[in-house]
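A.B. asks: Structure incoming, see below.
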Amino acid sequence: MTPTDLVLFDIDGTLLDTQDAGVVAYARAAKTVFGTPFSFGNVPVHGRLDSENYADAVRRHLTDVDPREYEATFRNRYAAELEAIARDAGGFQPCIGALECLEMLESRSEVELGLLTGNWAETGRLKIRHAGIDPNRFRCNAFADDGDHRNDLVPIARRAFHDAHGAVPNRILVVGDTPRDIECAHAGGAIAVGVATGIHSAEVLRAAGADLAVEDLTAGRAMFARLLDSASGAEPPAER
Ligand SMILES: [Mg+2]
């Protein structure tokens with residue numbers, strides 16, 4: 001059976017928890033590349049694209065530096081630092097229920113999986129790998145490389161699905177842990193599923209407009225099964 005539904009997962013706070021390894025790796029990479037560690041303080045990095053976070057940090061910490069000029073160098077260094085942190089930590093922790101939820105979705109022939117994430121592609125895959133998840137399980141992806149803002153990303157994943165299967169998906173679900181995931185889902189005509197394993201509660205995600213919100217992906221597994229079994233295919237079922 002050709003897949004008809006595309007389920008897109010955010011990475012940080014949704015599939016896995018790096019304990020802010022990304023922020024530490026950013027600081028270390030910036031120290032090496034620019035001689036000054038980036039700090040983010042109260043800057044809201046969650047749910048934003050790596051490309052946005054990097055360019056903003058360069059502008060905050062350095063004058064007369066064009067972020068684009070050093071982006072490739074920085075990305076390489078950032079990947080190396082992240083890899084070292086992951087190895088030292090013995091890997092990253094998958095979020096509660098994430099592995100079982102992915103297994104359930106893969107058992108459904110109508111479902112295709114993808115990543116929709118603010119991570120750059122190589123470091124997004126690195127995080128996934130270090131959480132014991134094969135990144136090749138996700139075939140229709142949209143990374144920070146693919147747009148200027150998160151709201152650009154659903155159409156990228158939709159196009160990847162079309163390229164793989166010759167038709168656009170009937171439904172796209174975006175699963176994420178921040179209001180920015182919800183916003184980008186709706187901007188791309190997708191169903192927004194909030195999961196409260198990041199820094200936001202299910203109430204906050206509902207208030208941000210999530211069509212469905214769950215405490216974790218253990219609850220998510222049952223919710224997905226109901227949603228996929230719902231006959232109409234057009235609307236998410238009422239929450240229970
Ligand atoms: Mg996230």
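The values are calculated or read from the model by the stated rules, or taken from the named source; none is laboratory data. The structure presented is a predicted model; accordingly, all values stated were derived computationally and were not measured. Note that we place each Cβ from the backbone using ideal geometry, even for glycine, and neighbour counts take in every protein chain shown.
A.B. asks: Looking at the structure I just gave you, is Arg75 away from the ligand (no atom under 15 Å from the Cβ) and within 24 Å of Arg180 (Cα to Cα)?
C.D. replies: yes
A.B. asks: Something else: Go through (1) part of a helix (DSSP H, G or I); (2) away from the ligand (no atom under 15 Å from the Cβ) one by one and return the number of the condition Cys140 breaks.
C.D. replies: Only one criterion is unmet by Cys140, namely (1).
A.B. asks: Could I ask something else about it? Confirm whether Glu106 is more than 16 Å from the ligand (Cβ to nearest atom), assigned by TED's automatic domain parsing to the domain that holds Ala142, buried (at least 17 other Cβ atoms within 10 Å of the Cβ) and closer than 29 Å to Ile182 by Cα.
C.D. replies: no
A.B. asks: Same structure again: Of Glu83, Glu100, Glu71, which residue is within 30 Å of Ile172 (Cα to Cα), in a helix (DSSP H, G or I) and of a type in the set (D, E, K, R)?
C.D. replies: So the residue among Glu83, Glu100, Glu71 that is within 30 Å of Ile172 (Cα to Cα), in a helix (DSSP H, G or I) and of a type in the set (D, E, K, R) is Glu100.
A.B. asks: Has region 22-41 got any residue that is closer than 30 Å to His165 by Cβ and in contact (Cβ under 8 Å) with a residue 12 or more places away in the chain?
C.D. replies: No; the residues of region 22-41 include none that is closer than 30 Å to His165 by Cβ and in contact (Cβ under 8 Å) with a residue 12 or more places away in the chain.
A.B. asks: A follow-up question, please. Name every residue in region 155-180 that is in a helix (DSSP H, G or I) and farther than 21 Å from Cys101 by Cα, in order of residue number.
C.D. replies: Selection gives Pro155, Ile156, Arg158, Arg159, Ala160, His162, Asp163, Ala164, His165, Pro179, Arg180.
A.B. asks: Is it the case that region 7-30 has a residue that's among the hydrophobic types (A, V, I, L, M, F, W, C) and assigned to a loop (DSSP other than H, G, I, E, B)?
C.D. replies: Checked against the condition, which is being among the hydrophobic types (A, V, I, L, M, F, W, C) and assigned to a loop (DSSP other than H, G, I, E, B), region 7-30 yields at least one hit.
A.B. asks: Using the structure shown, decide if Gly147 is exposed (fewer than 14 other Cβ atoms within 10 Å of the Cβ) and touching a helix residue (DSSP H, G or I) at 6+ places or on another chain (Cβ under 9 Å).
C.D. replies: It is false that Gly147 is exposed (fewer than 14 other Cβ atoms within 10 Å of the Cβ) and touching a helix residue (DSSP H, G or I) at 6+ places or on another chain (Cβ under 9 Å).
A quick yes/no check of all residues on (1) over 30 Å from Ile172 (Cα atoms); (2) within 15 Å of the ligand (Cβ to nearest atom); (3) modelled with pLDDT under 95; (4) not acidic (Asp, Glu):
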| position | (1), (2), (3), (4) |
| --- | --- |
| Met1 | no, no, yes, yes |
| Ile11 | no, yes, no, yes |
| Asp17 | no, yes, no, no |
| Arg28 | yes, no, no, yes |
| Gly41 | yes, no, yes, yes |
| Gly47 | no, yes, yes, yes |
| Arg60 | yes, no, yes, yes |
| Val65 | yes, no, yes, yes |
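A.B. asks: Is region 153-174 home to any residue that is within 16 Å of the ligand (Cβ to nearest atom) and surrounded by fewer than 19 Cβ atoms within 10 Å (Cβ to Cβ)?
C.D. replies: No, the conditions are met nowhere in region 153-174.
A.B. asks: Looking at the structure I just gave you, is Phe34 among the aromatic types (Phe, Trp, Tyr), at pLDDT 90 or above and away from the ligand (no atom under 16 Å from the Cβ)?
C.D. replies: Yes, satisfied.
A.B. asks: What number of residues in region 55-104 are of a type outside the set (A, V, I, L, M, F, W, C) and within 30 Å of Ala219 (Cβ to Cβ)?
C.D. replies: Residues that pass the stated criteria total 7.
A.B. asks: Continuing with this model, one more query. Identify the single condition in (1) outside the structural domain of Ala131 (by TED's automatic domain parsing); (2) at pLDDT 95 or above; (3) away from the ligand (no atom under 16 Å from the Cβ) that Leu82 does not satisfy, given that it satisfies every other one.
C.D. replies: (3)
A.B. asks: For region 181-208, enumerate the residues that are part of a loop (DSSP other than H, G, I, E, B) and within 16 Å of the ligand (Cβ to nearest atom).
C.D. replies: Ala190, Ala196, Thr197, Gly198, Ile199, His200, Ser201, Ala208
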